[in-house]
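One structure is given here, and the rest of the page talks about it.
The values are calculated or read from the model by the stated rules, or taken from the named source; none is laboratory data. Note that the structure is predicted; figures quoted are calculated from it, not measured. As a convention, Cβ positions derive from the backbone with ideal geometry for all residues, glycine included, and neighbour counts pool all protein chains shown.
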Amino acid sequence: MPRRIIGSVVGALAAASLVAPVAHAGAPAKVSVRAEAPGRTLADATVTTTRAQVKPDGAHGCSGTSAGGALWQATHGGWSGTWFDSFGDFTVDAIDGVRGPADFSAYWAFWLNGKLSTKGVCGTELQAGDTVLEFLCTSTPDFSSCTNLPLELQVVRPRGTKVVVKVVLLKGDGTSTPVAGATVAGGAQAVRTGADGRATVALRLGQSTLRATHAGDVPSGRLHCVRGAHGGRCGSADRTPPALTLKGIADGQAFDAAHAPRVLRGTARDPEGASVTLRLTRRLDGRCTRFDADRGAFRPCARAPRAPFDAGDRATWSFLLPQRLGAGSYRLDAIATDGAGNRRVLHVRFTVAG
């Protein structure tokens, strides 16, 4: 049997498990996907799987609701593999162009929910809340395991504006061991874990995204924390929307024609970054028009695109209108969206005199 097959399923599996048929497609589900190469995170996203089939080699199908389909979404089609009829599945050969060495001393390993998977990526149908991890495994000489294994960052307990965390090394079989000397970064300052794998992290005001690293091991997933007036809280999923402000236009403000807005601007801040979209609607003499960024003009609301227009992904964002706004009553909607899909929406109403 080729060592590539052995490597891709990470271990000496029974031959019967290798020839198991690909699972039937399941229902779409919201799942987490991460892909790690040495010194580089290639993908780290929460996606909702679809029923649309993908074809990593252009010929053989992989259901969109499988781990392979989720990986396809998270990498924007950026993984490729080799189909093996005897395996009934793909091996993952490259993610975002990153391949293992030709001698197979490192290969892409597939883990599901913190454990080594005994199936291939296309033969693994996902359920809501599942976590998929692909990492470039440096093989032990007998291909039974990896010399580099994934870290996991766990919350032990909150402590006011701080949080006690624990870093463990996952073994792939459901067991783990604490890691001393791991670095936990993303808080007010980086800290090191003690002999028990624990550390106390002071959270930043607002949002903090914590991550654990240790030389020779695969970094942990991100732990998202929020510090408020009554202390901090953390969760493995990012459920906190970006902080969003609008500058230069206050709700209810009235402008004369000479000082009417031309630049729409504000801030959008999130540890993972955020993109901002805008919608600008005008009413004048009983008519509703909406700004169409593609045409650079206001069009009747029924004809203008309903989707908001893009204001970029900078922390300090701005959009330059073709000219100062004319007379009318306006509503400006700003929507900030982070990588996990959390959204913050603000709107202001203002007028411009004729």
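Tallying residues that are surrounded by fewer than 20 Cβ atoms within 10 Å (Cβ to Cβ), under 27 Å from Asp96 (Cα atoms) and among the hydrophobic types (A, V, I, L, M, F, W, C) within the stretch 170-192 yields 1. Of all residues in the stretch 165-187, those that are at negative phi have Cβ atoms under 7 Å from Cβ atoms of residues that are outside any strand (DSSP E or B) and of a type in the set (Lys, Arg), 6 or more apart or on another chain, in Gly187/Arg204. I'm trying to understand the selection: among the residues of the stretch 34-64, which are touching a Lys or Arg at 6+ places or on another chain (Cβ under 9 Å) and more than 22 Å from Ser236 (Cα to Cα)? Scanning the stretch 34-64 gives Gly61, Cys62, Ser63, Gly64. Scanning the stretch 231-275 for residues that are in a strand (DSSP E or B) and either aliphatic (A, V, I, L, M) or within 18 Å of the chain's Cα centre (by Cα) (or both) yields Cys234, Gly235, Ala243, Leu244, Leu246, Ala254, Val263, Leu264, Ala268, Arg269, Ala274, Ser275. Report, by residue number, each residue of the stretch 193-213 that is closer than 27 Å to Thr147 by Cα, of a type outside the set (S, T, N, Q) and surrounded by 22 or more Cβ atoms within 10 Å (Cβ to Cβ). Gly197, Ala199, Leu210, Ala212 - these are the residues of the stretch 193-213 that are closer than 27 Å to Thr147 by Cα, of a type outside the set (S, T, N, Q) and surrounded by 22 or more Cβ atoms within 10 Å (Cβ to Cβ).
Scanning for something at pLDDT below 95 and not hydroxyl-bearing (Ser, Thr, Tyr), does the stretch 314-331 turn up at least one residue? Among the residues of the stretch 314-331, at least one is at pLDDT below 95 and not hydroxyl-bearing (Ser, Thr, Tyr), which makes the answer yes. Only one entry of Asp103, Asp130 meets the criterion of being without any contact (Cβ under 8 Å) to a residue 40 or more places away in the chain, in the same structural domain as Gly26 (by TED's automatic domain parsing) and of a type in the set (Asp, Glu), and that entry is Asp103. For a quick check of your reading of the model, give me the residue pairs whose first member lies in the stretch 312-336 and is under 13 Å from Arg269 (Cα atoms) and outside any loop (DSSP other than H, G, I, E, B), whose second is modelled with pLDDT of 95 or more and of a type outside the set (A, V, I, L, M), with beta-carbon atoms closer than 6 Å and at least 6 apart or on different chains. That search, which allows pairs on different chains as well, returns Thr316/Thr267; Ile335/Thr277. Among the residues examined, Gly286 qualifies as over 19 Å from Trp317 (Cβ atoms) and of a type in the set (Gly, Ala, Ser).
Every condition in (1) loosely packed, with under 14 Cβ neighbours inside 10 Å; (2) under 25 Å from Glu36 (Cα atoms); (3) of a type in the set (Val, Ile, Thr) holds for Val263 except the one numbered (2). Residue count for the stretch 137-174, restricted to those that are closer than 16 Å to Gly114 by Cβ and either over 25 Å from the mean Cα position of the chain (by Cα) or aromatic (Phe, Trp, Tyr) (or both): 3. Give me the residue from the stretch 31-57 that is under 11 Å from Leu71 (Cα atoms) and more than 13 Å from the chain's Cα centre (by Cα) and, out of that set, surrounded by the most Cβ atoms within 10 Å (Cβ to Cβ). Checked the stretch 31-57; the qualifying residue surrounded by the most Cβ atoms within 10 Å (Cβ to Cβ) is Thr49.
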